[in-house]
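First the structure, in the form of structure tokens, and then the observations on it.
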Amino acid sequence: MSRWTESDIPDQTGRTVLVTGANSGLGLETARALAAHGARVLMTARDEGKGRAAIDQVRGTVRDADLELLLLDLADLDDVRRVADGLEGPLDVLVNNAGVMMPPRSLSPQGHELQFATNHLGHFALTGLLLDRLVAASNAGADARVVTVSSTMHRPGRIHYDDLTGERGYSPTGWYSQSKFANVLFGLELDRRLRAAGSSIRSLVAHPGYAATKLQTSGPTGIMKSLMAVGNRVMAQSAEAGARSELYAATDPAAQGGTFIGPDGLGQNRGHPKVVRPVGRAEDPDDARRLWELSEELTGVHFDLPAA
């Protein structure tokens with residue numbers, strides 16, 4: 001791909017896309033770009049007021065945008081199931097975009113650490129519960145895809161199997177990296193399992209580089225919050241530019257399942273999307289299988305897919 005931009009998105013007319021965390025940042029830019037190219041976009045948000053404002057913002061630039069707001073708290077597995085059960089019809093693309101970043105330690109309604117619950121478990125459950133919708137689209141001839149958004153901060157990450165909730169030694173940064181590492185393990189393992197099942201659905205992972213969004217300042221506290229605010233002003237690319245990676249993964253015919261998409265600039269911090277390599281540990285199928293089995297246990301959601 002040569003300096004791929006939003007203008008390279010193919011016509012999305014007739015396609016239905018669900019984007020989590022679509023009320024701001026990367027999710028909002030992804031929803032806007034997809035709607036501008038004809039897609040019907042289901043936009044999730046935790047807060048109704050912010051979700052309505054996001055829809056108004058998109059319609060301010062895309063007058064005939066086909067949008068629907070879904071209220072969803074990904075940290076709450078009961079809410080994930082409620083939203084999934086309420087959806088009808090085929091789903092062409094699921095963009096697992098929403099996230100929280102480096103908050104003080106807190107737990108989800110089911111007792112999971114908030115970042116792991118929101119960034120990984122919620123998306124794992126949502127994907128499993130909507131798999132039949134993606135299969136329906138694929139069986140009807142659609143190019144169905146799942147795009148899971150990670151971060152360059154997956155690189156130092158590992159799964160703290162002996163302390164998932166951080167009860168014995170929580171670090172906001174370390175547990176954020178854990179959740180983003182889990183995103184990569186999940187997205188790549190999902191593609192392996194889809195291939196083993198003979199499915200044409202593609203699973204890809206994407207990261208935005210360093211993109212200026214509210215994520216960096218809504219979760220962190222203290223000195224980290226101040227550093228993030230400065231970084232957003234001085235170093236980061238725009239949310240619009242950061243969304244290119246997930247948009248490429250969601251729409252470009254050349255995007256292959258089982259790949260990781262990120263910016264082509266120095267350190268993958270900014271630029272145009274290309275295929276990149278995650279940290280080697282994130283490609284370990286044994287770790288991915290272990291996380292998958294644990295995630296099924298913690299969420300109660302079991303995919304109708306064979307192990308790779």
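Would you check which residues across region 48-60 are out of contact with any Leu (no Cβ under 8 Å at 6 or more places or on another chain) and over 16 Å from V19 (Cβ atoms) and list them?
Matches in region 48-60: G49, D56, G60.
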Set R233, R270: member being at pLDDT below 95 and out of contact with any helix residue (DSSP H, G or I) (no Cβ under 9 Å at 6 or more places or on another chain): R233
Residues (in contact (Cβ under 8 Å) with a residue 24 or more places away in the chain and either touching a helix residue (DSSP H, G or I) at 6+ places or on another chain (Cβ under 9 Å) or among the hydroxyl-bearing types (S, T, Y) (or both)) located in region 48-70: A54, Q57, V58, T61, V62, A65, D66, L67, E68, L69, L70
M224 vs. criteria at pLDDT below 95 and surrounded by fewer than 18 Cβ atoms within 10 Å (Cβ to Cβ): yes
Selected residue (criterion: surrounded by the most Cβ atoms within 10 Å (Cβ to Cβ)) from residues of region 256-269 that are touching a residue at least 60 places away in the same chain (Cβ under 8 Å) and closer than 21 Å to R195 by Cα: F260
Long-range neighbours under 6 Å by Cβ, at least six apart or interchain, first residue in a helix (DSSP H, G or I) within region 190-201, second of a type outside the set (G, A, S): R193/L305; L194/I201; A196/P306
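Consider region 147-161. How many of its residues are assigned to a loop (DSSP other than H, G, I, E, B) and not hydroxyl-bearing (S, T, Y)? Walk me through how you get there before you give the answer.
To start, the set of residues in region 147-161 that are assigned to a loop (DSSP other than H, G, I, E, B) comprises 150-151, 155-161.
Those still in the list that are not hydroxyl-bearing (S, T, Y) too: 155-160.
Counting residues in region 147-161 that are assigned to a loop (DSSP other than H, G, I, E, B) and not hydroxyl-bearing (S, T, Y) gives 6.
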First in region 143-155 and without any contact (Cβ under 8 Å) to a residue 40 or more places away in the chain, second anywhere and surrounded by 24 or more Cβ atoms within 10 Å (Cβ to Cβ) and not in a strand (DSSP E or B), Cβ under 8 Å, 6 or more apart: M153/Y176; M153/K180
Which listed residue is outside any helix (DSSP H, G or I) and surrounded by fewer than 19 Cβ atoms within 10 Å (Cβ to Cβ), from D143, D85, D132: D143
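The values are calculated or read from the model by the stated rules, or taken from the named source; none is laboratory data. These numbers were taken from a predicted model, which means no experiment stands behind them. Cβ coordinates were reconstructed from backbone atoms using ideal geometry, including for glycine residues, and neighbour counts include every protein chain displayed.
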